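Please read the structure below before turning to the comments.
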Amino acid sequence: MKTAVIQFPGSNCDADALHAARLLLDDSARFMWHTEGGLPAGTDLVFLPGGFTYGDHLRSGAIAARSPIMEAVKAHAARGGYVLGVCNGFQVLTEAGLLPGALSRNRDLHFLCRPVHLRVENTRTAFTSAYAQGQVIEIPIAHGEGNYYADPETVARLEGEGQVVFRYADNPNGSLNDIAGIVGGRGNVLGMMPHPERAVEALLGSEDGQGLFRSLRAVKVGA
């Protein structure tokens, strides 16, 4: 799966994202600077990594969502291409309108950096098929604004249509309905606050993030 990892000013998980992509998806995965006007030909997956784009000024992800590359990312998603946004990348996806809702300050207003347990809620997606329904996995978080919020109608739609794919087993940040990750309506855009790219090797304390990348690797692309 040909992968492009987008770098914004303030990205700090880009190297982690690239390492995981090269390890498990595409050994030719490459960085793309946010001022580029288009994606490399044949791109299958766009990975928006974590960090603090533009120092989280205005709102987390708000400025990055208006970077030139995001028009190409939106067009890629509209064609059915895959997009993965982790942590700050999730925030960028909501600010860009590719996913509903918003991420606000954590419930206790503290930055949180520790492993958490997630329950896999929907395995019928390109990002989760390698997991078992209801499986509990350990993935680290590192965020100050991971508290997911949406209006009641949107939350009801996400729940009713199976778009909540990861849920906190012990909610660390106050997210509505314990939501940790959601997919867009077509199922090709995933935003999640925990960092699967930091849980792909035993040396890192958990290999549970591998399931996400194995799921994507099983997707038929370029047909």
Unmet criterion (only one of (1) part of a strand (DSSP E or B); (2) touching a Lys or Arg at 6+ places or on another chain (Cβ under 6 Å)) for residue 103: (2)
Residue hits (the stretch 186-223; in contact with a Ser or Thr (Cβ under 9 Å, 6 or more places away or on another chain) and of a type in the set (Gly, Ala, Ser)) are 187, 191, 199, 211, 215, 218
Considering the stretch 27-53, residues that are crowded, with 19+ Cβ neighbours inside 10 Å and out of contact with any helix residue (DSSP H, G or I) (no Cβ under 6 Å at 6 or more places or on another chain), and then whichever is nearest to residue 70 (Cα to Cα), we arrive at 32
Which residue pairs have Cβ atoms under 7 Å apart, sit 6 or more places apart or on different chains, and have a first residue in the stretch 122-144 that is modelled with pLDDT under 95 and a second that is open to solvent by 20 Å² or more (accessible area, probe 1.4 Å)? 144/105; 144/111
Can you say whether residue 72 is in contact with a strand residue (DSSP E or B) (Cβ under 9 Å, 6 or more places away or on another chain) and crowded, with 17+ Cβ neighbours inside 10 Å, as far as the supplied structure shows? yes
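Rundown of residues vs (1) open to solvent by 10 Å² or more (accessible area, probe 1.4 Å); (2) among the polar types (S, T, N, Q); (3) over 16 Å from residue 165 (Cβ atoms), yes/no style:
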position: 80; (1), (2), (3): yes, no, yes
position: 87; (1), (2), (3): no, no, no
position: 90; (1), (2), (3): no, no, no
position: 97; (1), (2), (3): yes, no, yes
position: 106; (1), (2), (3): no, yes, yes
Sole exception among (1) touching a Lys or Arg at 6+ places or on another chain (Cβ under 8 Å); (2) of a type outside the set (A, V, I, L, M); (3) surrounded by fewer than 16 Cβ atoms within 10 Å (Cβ to Cβ) for residue 144, by number: (3)
Which one of these is open to solvent by 20 Å² or more (accessible area, probe 1.4 Å) and either assigned to a strand (DSSP E or B) or in contact with a His (Cβ under 7 Å, 6 or more places away or on another chain) (or both): 214, 167? 167
Counting only residues in the stretch 1-26 that are touching a helix residue (DSSP H, G or I) at 6+ places or on another chain (Cβ under 7 Å) and in a strand (DSSP E or B), the one most open to solvent (accessible area, probe 1.4 Å) is identified as 7
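The values are calculated or read from the model by the stated rules, or taken from the named source; none is laboratory data. For clarity, every value in this text was computed on a predicted model and none was experimentally measured. Don't worry about glycine lacking a Cβ; one is built from the backbone with ideal geometry, like all the others, and counts go over all protein chains shown. Note: accessible area is taken over every heavy atom of the protein model, side chains too, but ligands, DNA and RNA are not part of it. Shrake-Rupley method; radii C 1.70, N 1.55, O 1.52, S 1.80 Å.
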